[in-house]
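The values are calculated or read from the model by the stated rules, or taken from the named source; none is laboratory data. Everything quoted here is computed from the prediction, not taken from an experiment. Cβ placement follows ideal geometry from the backbone for every residue including glycine, while neighbour counts extend to all protein chains displayed. Remember, those area values only see protein heavy atoms, side chains included, never the ligands or the DNA or RNA. Shrake-Rupley method; radii C 1.70, N 1.55, O 1.52, S 1.80 Å.
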Amino acid sequence: MSKVVILGGAGGMGSMAIKDLVLNKRFSEIVIADINIEAANQIVQEINNDLVSTASINVTDRKELIQLLSDTSIVINFVGPFYRFAPMIIEACMEAKTNYVDICDDYDAAEEILKMDKRVKDAGITVLTGMGTSPGITNILVKMGMDQLDETEEVETIWVMGESETGSAILYHVFHGGTGLVPGYSEGKQTMIKPFQEEGSLVVEFPEPLGRVKVYDVGHPEPITIPHFYPEVKRVTNKGALLPSKIVDNFKKLFDLGFGSTTPINVNGTDITPRDFAVRFLQENPELLAVGESNGLGGLKVIVKGKKEGKDLGFVYTTVSSEPTAASVAIPAVVGAELIKDGKVDSIGVIAPEVLNPMDVFDYLGSRKSVNEASVSSGLIIDMILDDGSIQSIKKGRPLTSFSRSLPLQ
């Protein structure tokens, strides 16, 4: 047993991690560290468990952060956007000699974190970045497919989020990954692509009632980290969508109008960036992110193609769930921290989820008590792509067709 600090523990994902940690009791001390100490204290009162305490922290205060982490075995970071905060927090972890896990979903932050590898190794700690859903579970499914092949050539990671989120970190992430040029990986080298364009879109089939969903190129870490750890892979993509599709339409309009810009403009004597304004505007008008009806379902699809014994072979992993985004992202991060604590991760330095043993991850996920007993899930569906292009079902999962497309799943 040991001590874990949850940075941003009073937020939606951080508080979900706290609930999971308390329920599964694999750490002897759990600290909710947040700049909003009132919210953190409220969570402690609601949980009413002796394992949990709070700490007031501003992560930009390096001295204060190092002091908090100095007697801590591991920290899980939920403070976003990660392109702003992750590198500075890792800097503090190196000085405090504290292991680190995050759910970083920003491509440029992933690039910066990978560059810190030598210094992280010199500090003798493990930094596990991107241990959420996408990235996170997507990367682990990629590794599962790679383990079945002699050679891996192509990887496609796809996510669909079925509930509206209005937290500022999430909104900043959407603008960050949806504007400008973002990295892809094709023909064995990094490319730069324009996200959320029709040209790169793809219609993906999920089990009903999620059904057919159009997904778009998005700026994400998978095309950064997977080729880094497995340079033999020639193509890596990440595509995503928010549901209902009208949400994507609204974001695309804002992107096209330049509201993703980070160049300040002067408004009545005050400098403000279009992105800061847009995030605040969407928070003040959440109905713009709650347009149309949704059954709350989200999904993942991972396609891994390569060769086995000289023949073309591929694997398709699909899952559909009504699990809240906060849980589906936070709980894998907790599992990552548990794996490090239990000695299941023997690497120091910077790693990503595709370095982990998939069986260890799924064992820890499957054996834990759940904070979302009512969540509806297809389970993991596995199909194999044979050398003639035909599809062979390996694992069917659970049917979801009895649920209405138009009604939220309970």
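Before moving on, here are some points about what is shown:
- Probe 1.4 Å, protein heavy atoms only - accessible area per residue of the stretch 71-132 in square angstrom: 31 Å²
- Bridge type composition, the chain - antiparallel percent by DSSP, nearest 5: 60 percent
- Across the chain, the mean sequence separation of Cα contacts (distance under 8 Å, 6 or more residues apart), normalised by length, yields a relative contact order of 19 percent.
- Taking all protein chains into account, the per residue accessible area for the stretch 248-347 stands at 46 Å² (1.4 Å probe).
- Cα centroid of the stretch 114-155 to Cα centroid of the stretch 347-399, whole Å: 15 Å
- Ranked by solvent-accessible area (1.4 Å probe, protein heavy atoms only, all chains present), the residues Arg26, Arg280, Arg84 order from largest to smallest as Arg280, Arg84, Arg26.
- Rolling a 1.4 Å probe over the heavy atoms of the protein chains gives the stretch 3-42 an accessible area of 33 Å² per residue.
- Near-label residues of the stretch 189-209 by backbone N, under 18 Å of a point 7 Å along Cα→Cβ of Tyr230: 189-190
- Scanning the chain for DSSP H helices at least 24 Å long along the axis (C-alpha atoms) with a Kyte-Doolittle mean no lower than 0.0 picks out 325-341.
- A compact globular protein would have a Cα radius of gyration near 2.2 N^0.38 Å; the ratio found for the chain is 0.95.
- Net length gained if the chain between Leu288 and Asp117 were fully extended (0.36 nm per residue, minus Cα distance): 57.5 nm
- Placing a pseudo-label 7 Å from each Cα along the Cα-to-Cβ vector at Ser393 and Asp363 gives an inter-label distance of 3.0 nm.
- Residue pairs, from the table Lys25/Lys115; Lys143/Lys308; Lys214/Lys253; Lys301/Lys396; Lys121/Lys234, whose Cα atoms sit over 23 Å apart: Lys25/Lys115; Lys121/Lys234
- By accessible area, using a 1.4 Å probe on protein heavy atoms only, the chain has 51% of its surface on carbon and sulfur.
- Working from label points 7 Å from Cα in the Cα-to-Cβ sense, the Leu202 to Asp50 distance is 5.2 nm.
- Placing dummy labels 7 Å off each Cα toward the beta-carbon, the span from Asp271 to Asn58 is 2.0 nm.
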